[in-house]
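Just so you know, all these numbers are worked out from the coordinates, no wet-lab data involved. This structure is a prediction, so every number in the text was calculated from the model and none was measured. Counting neighbours? That spans all protein chains shown, and the Cβs are built from the backbone with ideal geometry, glycine included.
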Amino acid sequence: MTTPNTAAAAPTLSEDAAAVVLETRGLTRNFGGLVAVNAVSLRFLSGQTHAVIGPNGAGKSTLVNLLTGHLPVTRGEILFKGRTITNLPAHRVSQLGIGRSYQKTNIFPAFSCFENCRLAAQSRLSTSMRFVRPALAYHTVNEKAQAALEACGLARHRDRAAGTISYGEQRQLEIGMVLATDPQLLVLDEPLAGMGVEESEMLIGLLKRLASRYTVILVEHDMDAVFSLADVLTVMVNGTVLESGPVDMVRASQAVQDAYLGDGEEAY
Ligand SMILES: Nc1ncnc2c1ncn2[C@@H]1O[C@H](COP(=O)(O)OP(=O)(O)OP(=O)(O)O)[C@@H](O)[C@H]1O
Ligand SMILES: [Mg+2]
């Protein structure tokens, strides 16, 4: 296998440029003396689920924060559909079609599930939509919120306060809130974090359905989820990309075995 950074820099013939939804070039983020993300060059292709794994502190969430405008980059570039989005603010990145979820649950507990989705949908509207045509905007936002609630499987809890549904359902709602922003690319940071077996199975089912409709970047520690969902796998260690490529190839990589997965593929 070629090293990931050079592999990403030189497209293969089968990798149609039009299929590249998101690309990073030498993406780097320092925190003082710590290089949390170090010269990461990756391509995320249309329709694929691209999982990013790595031990705690590898730089996965920092990468997500850079991709989604939640952190400024120290060096390097991010291109979305061929156009630079480097250092655009998070709301602009969201409006362009990159939706993200958070490692820690990030809902409004006192608001209903519908309201949570509605607020998310509203955040996607351009300023002109919000202020020039409020009636139309209101209608559009409500429709998007309802569709997102149905897509994440929570229509039955439409009017319940988000804080009163189960933890697993709250994680589902988070996905619904991402869907309400009408994204083309989903960037999900540990959607299964803290879930029990049954809840995980349900959410993996939901993610599988979404994977057939969206391009997905999935940061996840749950290896069952990763292996059942991902087309492409990137392994990060100490801020750098150790390996990146088709799942089976990366799984078989000796470097990954040695540094991360261990003998029995038990990451943790
Ligand atoms: N805002 C910050 N200020 C200083 N250091 C930070 C900040 N955010 C992250 N770091 C550091 O950057 C490194 C990468 O952290 P990051 O959260 O990206 O890792 P991760 O791969 O998401 O880990 P985990 O699997 O535990 O979620 C860690 O050493 C972390 O302590
Ligand atoms: Mg993280």
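Tabulated values for the structure
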{"item": "Rg/Rg_globular for the chain, with Rg_globular taken as 2.2 N^0.38 Å and Rg from C-alpha atoms", "result": "1.00"}
{"item": "Cut-off 15 Å between beta-carbons: net charge of the residues surrounding P109, Lys and Arg +1, Asp and Glu -1", "result": "-1"}
{"item": "Those lysines that a straight Cα-Cα span of less than 17 Å connects to K60, excepting residues fewer than 8 apart in one chain", "result": "K104"}
{"item": "Between helix 167-180 and the chain: long-axis angle, C-alpha atoms, 0 to 90°, nearest 10", "result": "80 degrees"}
{"item": "For V21, residues with placed amide H under 5 Å, excluding near neighbours", "result": "F44, L45, S46"}
{"item": "Between 0 and 90°, nearest 10: helix 134-151 axis offset from the chain longest Cα axis", "result": "60 degrees"}
{"item": "Between helix 113-124 and the chain: long-axis angle, C-alpha atoms, 0 to 90°, nearest 10", "result": "70 degrees"}
{"item": "The chain, relative contact order [Cα under 8 Å, separation at least 6], %", "result": "25 percent"}
{"item": "DSSP-defined beta bridges in the chain - what % are antiparallel, rounded to 5", "result": "55 percent"}
{"item": "Cα convex hull volume per residue for the stretch 91-226 (Å³)", "result": "98 Å³"}
{"item": "Mean projection area, nm², convex hull over Cα of the stretch 169-268", "result": "6.8 nm²"}
{"item": "Charge dipole magnitude, Cβ of K and R +1, D and E -1 - the stretch 98-183, Cα centre, debye nearest 20", "result": "160 debye"}
